[in-house]
Amino acid sequence: MNITTRQFHVSAMRPEDFPRDARPHVALMGRSNVGKSSLLNRLLGERGLARTSKAPGRTRALNFFLVNERVYFVDLPGYGYARVPDRVREEWKDLVEAYLAGPGRPDLALQLLDARHEPTELDRELLEWLETRGVRHEIVLTKVDKLSRSDKTRTLTRAARWIGLPPGRHPLAVSAVTGDGIPALWRVIDEVCAGRPATRESAAPPGGGASPKTPRATRSGETGVRAGFQGGRNTL
Ligand SMILES: Nc1nc2c(ncn2[C@@H]2O[C@H](COP(=O)(O)OP(=O)(O)O)[C@@H](O)[C@H]2O)c(=O)[nH]1
Ligand SMILES: [Mg+2]
């Protein structure tokens, strides 16, 4: 996508604030501090568009950004941050569920995992929730600039197993600092925004390897099961 305009649209604290038009949505989700806002800024090419912070647990609202007047990028509140009152955590959970299960739910959810850390129970819960609801999603490992080459290879292999990808396939891995992996991520986003079928080549594993074209989760996987993402029951 050749970005010509990008602007902050709305900070939604209640479902009534969500945009109601038919434009596609790309949502960034993941633990607090995983790098959602930084990745959004990198993707959209404007530092400071979404607020980033060294202090976790800051974002309470769903922040919508409108790109080229035709697609929303949505910066969601992070989960997994312990020092949050129960009441706020419950509000967050209800708001995110209302968004994910509502009519304007994302066409593509980017689930971010910090490449340096093991995924948590809450990461697993979110992934299962997205799969159960048939929301198209893509796992994206963040902050890969912090890994050595050998650590990166190991991390990609471990993450592929965690997600359950077939052998030879790896998740996307990006750095908001160096821009590593950003073009590959854009290819996925462009494909979804263009409304083409949900297939893509996997990110090439380091050192080569087969990359079978395997469709990822699609909307046809919708089951109607109300699993409910409990993210933040114990920690936000
Ligand atoms: N080295 C490195 N640091 C990053 C990267 N992305 C984010 N960070 C840092 O991680 C912290 C949290 O980032 P932020 O985007 O606010 O995370 P969010 O809470 O998920 O929105 C900030 O200090 C960022 O500068 C990255 O790709 N590489
Ligand atoms: Mg943020």
- Task: Starting from residues that are within 8 Å of ligand 1 (Cβ to nearest atom) and more than 17 Å from P183 (Cα to Cα), keep the ones in the stretch 36-55 and report whichever is surrounded by the fewest Cβ atoms within 10 Å (Cβ to Cβ).
- Result: K54
- Every residue from the stretch 68-88 that is more than 20 Å from L100 (Cα to Cα), in contact with a strand residue (DSSP E or B) (Cβ under 8 Å, 6 or more places away or on another chain) and crowded, with 18+ Cβ neighbours inside 10 Å: Y81
- Message: Looking only at residues that are under 14 Å from L44 (Cα atoms) and not in a loop (DSSP other than H, G, I, E, B) in the stretch 160-183, which one is farthest from the chain's Cα centre (by Cα)?
- Response: P183
- Which pairs do you get when a residue that is of a type in the set (A, V, I, L, M), found in the stretch 31-56, comes within reach of a residue that is in a helix (DSSP H, G or I) and within 9 Å of ligand 2 (Cβ to nearest atom), reach meaning Cβ atoms under 6 angstrom, with the pair 6+ apart or on two chains? A50/S37; A50/L40
- Query: Assuming V140 fulfils every condition listed in (1) surrounded by fewer than 21 Cβ atoms within 10 Å (Cβ to Cβ); (2) in contact (Cβ under 8 Å) with a residue 40 or more places away in the chain; (3) among the β-branched types (V, I, T) apart from one, which condition is it?
  - Reply: (1)
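So which of A160, A173 ends up being surrounded by 15 or more Cβ atoms within 10 Å (Cβ to Cβ), of a type outside the set (S, T, N, Q), farther than 20 Å from V26 by Cβ and at pLDDT 95 or above?
None of the other options fit; the residue is A160.
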- Within the stretch 1-28, which residues are part of a loop (DSSP other than H, G, I, E, B) and within 27 Å of E91 (Cβ to Cβ)? M13, R14, F18, P19, R20, D21, R23, P24
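Which residues, counting only those in the stretch 140-186, are among the polar types (S, T, N, Q) and away from ligand 2 (no atom under 16 Å from the Cβ)? Step through it out loud before you land on a result.
Narrowing the stretch 140-186 to residues among the polar types (S, T, N, Q): 142, 148, 150, 153, 155, 157, 175, 178.
The answer is S148, S150, T153, T155, T157, S175, T178.
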- Counted residues, the stretch 114-154 - those being among the β-branched types (V, I, T), touching a Leu at 6+ places or on another chain (Cβ under 6 Å) and over 16 Å from V188 (Cβ atoms): 0
- Item | Flag for R51 being within 24 Å of S175 (Cα to Cα), within 11 Å of ligand 2 (Cβ to nearest atom) and within 19 Å of the chain's Cα centre (by Cα) | yes
- Note on the structure: Of (1) surrounded by fewer than 21 Cβ atoms within 10 Å (Cβ to Cβ); (2) modelled with pLDDT of 95 or more; (3) within 14 Å of ligand 1 (Cβ to nearest atom), R58 fails just (2)
- Task: Any chance you could count how many residues in the stretch 29-80 are out of contact with any Phe, Trp or Tyr (no Cβ under 7 Å at 6 or more places or on another chain), of a type in the set (A, V, I, L, M, F, W, C) and in a strand (DSSP E or B)?
- Result: 2
- Give the stretch 103-136 a look and list any residue that's touching a Phe, Trp or Tyr at 6+ places or on another chain (Cβ under 7 Å) and assigned to a loop (DSSP other than H, G, I, E, B), or say none. G104, R105, P119
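The values are calculated or read from the model by the stated rules, or taken from the named source; none is laboratory data. Just so it is clear, the structure is predicted and the values come from calculations on it, not from any experiment. Note: ideal-geometry Cβ built from the backbone for every residue, glycine included; neighbour counts use all protein chains shown.
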